[in-house]
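A short worksheet on the structure shown next.
Derivation of every value follows stated rules applied to the coordinates shown; laboratory data play no part. Predicted model only: the values in this text are computed from it and were never measured. All Cβ positions, even for glycine, are placed from backbone atoms using ideal geometry, and neighbour counts span all protein chains on display.
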Amino acid sequence: MPTNQDLAPLGTANSLALHALIRKYAEIAAQADQVRSALQRLTSDLTHIEGAIRLFDSSVDISAIRPNRSSSKRSQKGGVTSILLDVLREAEEPLPPRTITTRIMRQRGICAEDMSRPGRSELAGYFQGRKRLCSYVTKEGEVAGWRPPTREERDNARLANGKQVRSGPLRSSRNNKNWHDGFTFIDAATFIEMPATVPDQPGVYVVLLKDTERMLGQLGFIESPGRPLWTHGGCQHVYTGETYGLRTRLTEHMTGSSEGASLRQSLLALHQAKAWGSADVVVTDDRGRTEDSLSEWLKREIVIGYKQSAYVRDYEADILSWSASPLNIARRVVTPSTTTLKTLRERLRNEVIARWEPLQTRSLKRVRH
């Protein structure tokens, strides 16, 4: 019987992707065989039961018997609480609601995709991390957005009621020397070819560039001793982000639209200003040509580091306070380099993006200016 190596020898074009697809095909084929065997057993059981019914009363209309779809997802009293406590006991760090919900669903054999069907509550989308706000109707009949209060809001509410505020961080301990421990690195070309290598889970990510000297000079960037420019494997850390879905957000940065991805917009603005002195990225009124050339450039020049984490926004804020991350604008102290980058991005939006044909579908994530 041929092996994966025989079907797609290593070293040939797209061999890694073919190996992954062949392995997935084999897994699904095995599941299909199991389903077919189960269907044969159930069909045989139905035939025997039908025969038994007719022994008692041959006039019964078997075709009129409606299937009784009993729900296997309904738990006994206390069942979900028991699973929840197990999840929390096994956790090595504080977990966000989405991760807790996903693990409980997995323990109970519920497919996460069931929560995404049309007609499901928006609350399901929130706990999956697909929605940052849930819609509700106020007493005045107006639609508003709801989210759980932040830690600061909870602390302020407790102080207002005369209660003591719990001190100390609720997240994992980290500092300016160990924050980059535990990151997994992958080059952009590999990620674009095989995005499934990155989990679509909550976490933080960093983007590193191979050639930054001329670009940083164009911005007028000056390194601060308190916020050094982190170097890893010959590449320098230029951007930091947080997300509830690492794979989804990184895909937006690598192959999405510059209107919906802050990093792409910054890099395109720098290319328009000839920050690298090359014509590899063509910035024109042709959206497709411009975006494609930028994506090809990212494949060659970008390395991605990612880390699954709880409290992703807090983690991102810590990274931004401990490292230079020069292409981040939001939640940063205003410096000459960030002012220059804002000016370049505004010029790009006015001179180039404003003349692009609108997309059929747009990213729901708004670029943070």
Projected label distance in nm at residue 52 and residue 107, using a 7 Å step from Cα toward the beta-carbon | 3.6 nm
For region 41-50, just list the computed ³J(HN,Hα) in residue order, Karplus coefficients 6.51, -1.76 and 1.60, θ = phi - 60°, integers in Hz, with x standing in for Gly and Pro.
-> 5, 5, 4, 5, 4, 4, 4, 5, 5, 4
Send over the Kirkwood Rh of region 218-366, from the inverse of the averaged 1/r over different Cα pairs, rounded to one decimal Å.
-> 16.3 Å
Full extension from residue 138 to residue 164: what is 0.36 nm times the residue separation minus their Cα-Cα distance, to one decimal in nm?
-> 6.3 nm
Could you give me the ³J(HN,Hα) list for region 86-95, computed from phi with Karplus coefficients 6.51, -1.76, 1.60 and θ = phi - 60°, whole Hz, x at Gly and Pro?
-> 5, 4, 5, 5, 7, 5, 8, 7, x, 10
Would you mind calculating the gained length between residue 88 and residue 184 on full extension (0.36 nm times residue separation, minus the Cα-Cα distance), in nm to one decimal?
-> 32.1 nm
Full extension from residue 63 to residue 81: what is 0.36 nm times the residue separation minus their Cα-Cα distance, to one decimal in nm?
-> 2.4 nm
Sorted on mean Cβ neighbours within 10 Å (highest first), peptides 280-293, 316-329, 84-97 come out as 316-329, 280-293, 84-97
So how far apart, in nm, are the two label points at residue 300 and residue 330 if each is 7 Å from Cα heading toward Cβ?
-> 3.1 nm
